Amino acid sequence: MNELQIESGDIFACYGSDRVSKTISIGTGSIFAPKRLKLGPSHVAIACQWMGSMYWVESTTMSATPCAIGGERVRGCQAHYPGQRIAEYTSEGGHVDHYRLTKIFELSGDESELMSHVLIRHFVLKSTGYDMGHVLLAGTRLFKASRLFPGADLDRVFCSELIAAVLQRIGRINHRNPTKFSPGTLMRELVRQGTYRFEKSYS
């Protein structure tokens with residue numbers, strides 16, 4: 001993974017090979033989706049730079065690797081080195097699609113710093129927990145019934161909820177309840193509105 005070229009704000013759309021991941025991918029798919037997103041990703045993560053290093057930031061219970069910043073295994077928001085997490089997905093039969101902000105939406109230095117501050121200080125260092133209720137619905141058609149979801153509670157977040165909230169903070173996605181996003185609906189909206197484009201795939 002030494003050839004990885006990652007920028008702050010890059011998003012990783014992950015397709016796992018386990019049963020839960022496949023259920024989420026199929027359950028949040030859409031035949032009308034942009035290319036590569038007809039099958040929804042089962043998980044999403046976002047890159048940010050912190051203290052001179054580039055990190056893959058996510059909310060998950062599926063990583064056995066200790067958080068690269070906190071030093072402990074976490075059930076919720078955590079940071080890892082991108083190459084390590086990509087290798088974990090590909091070695092288990094999954095794949096990762098890498099998306100990047102389009103030119104007009106690239107982050108300024110101040111925006112990149114703000115995004116990193118929110119991701120690391122608010123979510124990772126505060127050990128924000130994982131929203132298990134969200135993942136139980138994410139692979140079902142019930143997910144589309146928005147009235148099932150209360151107002152956002154960002155003290156516990158699902159992977160797509162984390163990224164949606166942060167992108168709202170830096171003005172890269174329209175404001176709405178971030179709880180209503182699955183990994184698939186988040187990525188489809190970002191691509192459809194021209195904010196992100198597909199960069200490359202790792203498998």
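Worth a mention:
- Failed criterion for Pro34 (all others in (1) in a loop (DSSP other than H, G, I, E, B); (2) over 20 Å from Lys103 (Cα atoms) hold): (2)
- Cβ-Cβ under 9 Å pairs, at least 6 apart or on other chains, segment 1-23 side part of a loop (DSSP other than H, G, I, E, B), far side modelled with pLDDT under 95 and among the basic types (Lys, Arg): Gly16/Lys22
- Considering segment 1-31, the residues that are of a type in the set (A, V, I, L, M, F, W, C) and at pLDDT below 90 include one that is surrounded by the most Cβ atoms within 10 Å (Cβ to Cβ), namely Ile24.
- Filtering segment 160-178 to residues that are of a type in the set (Val, Ile, Thr) and either in a loop (DSSP other than H, G, I, E, B) or surrounded by fewer than 17 Cβ atoms within 10 Å (Cβ to Cβ) (or both) leaves Ile170, Ile173.
- Selection from segment 47-78 of residues that are in a strand (DSSP E or B), of a type outside the set (Ser, Thr, Tyr), out of contact with any Asp or Glu (no Cβ under 7 Å at 6 or more places or on another chain) and within 21 Å of Tyr99 (Cβ to Cβ): Cys48, Gln49, Trp50, Met54, Trp56, Val57, Glu58, Cys77
The values are calculated or read from the model by the stated rules, or taken from the named source; none is laboratory data. Bear in mind the structure is a predicted one, so any value in this text is a computation, not a measurement. Please note: Cβ atoms are built from the backbone with ideal geometry, for glycine as well, and neighbour counts cover all protein chains shown.
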